[in-house]
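Undergrad: Could you have a look at this structure, given as structure tokens, before my questions?
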Amino acid sequence: QVQLVESGGGLVQAGGSLRLSCAASGIIYSINAMLWHHQAPGKQRELVALITANLTTTYVDSVKGRFTISRDDTKNTVYLQMNSLKPEDTAVYYCNAKIRATMRSQISDYWGQGTQVTVSS
């Protein structure tokens, strides 16, 4: 079984920074895209950033220039560096990875449990 475990959330003042981490563990043959989503209270979960296996990155417009997604494939870990945080960034942040468990298996979606990020004004 594959597990994704997130860390790094917390409370920060507006303008501050946080770095989220998400480590994948278990039986893993390869990891394709790795993604971060967030879900604010009363809103739908939305994609924040993604990074492909060849390190192509994509960001939602609201975080461009402030957030940076990266990955360390030696550790099966994806990071989200969040700078210049705003109160509207407050949400639960979820990591998501497209993982092939064995050479013959299909790519499946895996999700972390979520980590709370709260930005005070």
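The values are calculated or read from the model by the stated rules, or taken from the named source; none is laboratory data. Computed from a prediction, not measured in an experiment: that's the story for all the values here. Backbone-built Cβ (ideal geometry, glycine too); neighbour counts: all protein chains shown. All accessible areas refer to the heavy atoms of the entire protein, side chains included, with ligands and DNA or RNA removed. Shrake-Rupley method; radii C 1.70, N 1.55, O 1.52, S 1.80 Å.
Undergrad: Anything in the stretch 3-25 that is open to solvent by 30 Å² or more (accessible area, probe 1.4 Å) and under 11 Å from N96 (Cα atoms)? List them, or say none.
TA: Q3, V5, A23 - these are the residues of the stretch 3-25 that are open to solvent by 30 Å² or more (accessible area, probe 1.4 Å) and under 11 Å from N96 (Cα atoms).
Undergrad: Please go through the stretch 1-29 and give me each residue that is in contact with an Asp or Glu (Cβ under 9 Å, 6 or more places away or on another chain) and polar (S, T, N, Q), ordered by number.
TA: Scanning the stretch 1-29 gives a single hit, S21.
Undergrad: Still on this structure: Output yes when any residue across the stretch 52-61 is open to solvent by less than 30 Å² (accessible area, probe 1.4 Å) and modelled with pLDDT of 95 or more, and no when none is.
TA: Initially, the stretch 52-61 is screened for residues open to solvent by less than 30 Å² (accessible area, probe 1.4 Å), giving none.
No, because not a single residue in the stretch 52-61 is open to solvent by less than 30 Å² (accessible area, probe 1.4 Å) and modelled with pLDDT of 95 or more.
Undergrad: What pairs come out if I take residues in the stretch 26-40 that are open to solvent by less than 30 Å² (accessible area, probe 1.4 Å) and pair them with residues that are in a strand (DSSP E or B) and among the hydroxyl-bearing types (S, T, Y) whose C-beta lies under 8 Å away, six or more apart or interchain?
TA: Between residues of the stretch 26-40 that are open to solvent by less than 30 Å² (accessible area, probe 1.4 Å) and residues that are in a strand (DSSP E or B) and among the hydroxyl-bearing types (S, T, Y), the close pairs are W36/Y93; W36/Y94; H37/Y93; H37/Y94; H38/Y93; H38/Y94.
Undergrad: Another one. Pull out all pairs, ordered by first then second residue, where Cβ-Cβ is under 9 Å, the residues are six or more apart or on different chains, the first lies in the stretch 69-82 and is without any contact (Cβ under 8 Å) to a residue 24 or more places away in the chain, and the second is among the aliphatic types (A, V, I, L, M).
TA: S70/I51; S70/L55; S70/V78; S70/L80; D72/V78
Undergrad: Something else: Please count how many residues of the stretch 52-73 are touching a Leu at 6+ places or on another chain (Cβ under 9 Å), in a strand (DSSP E or B) and farther than 23 Å from V119 by Cβ.
TA: 1
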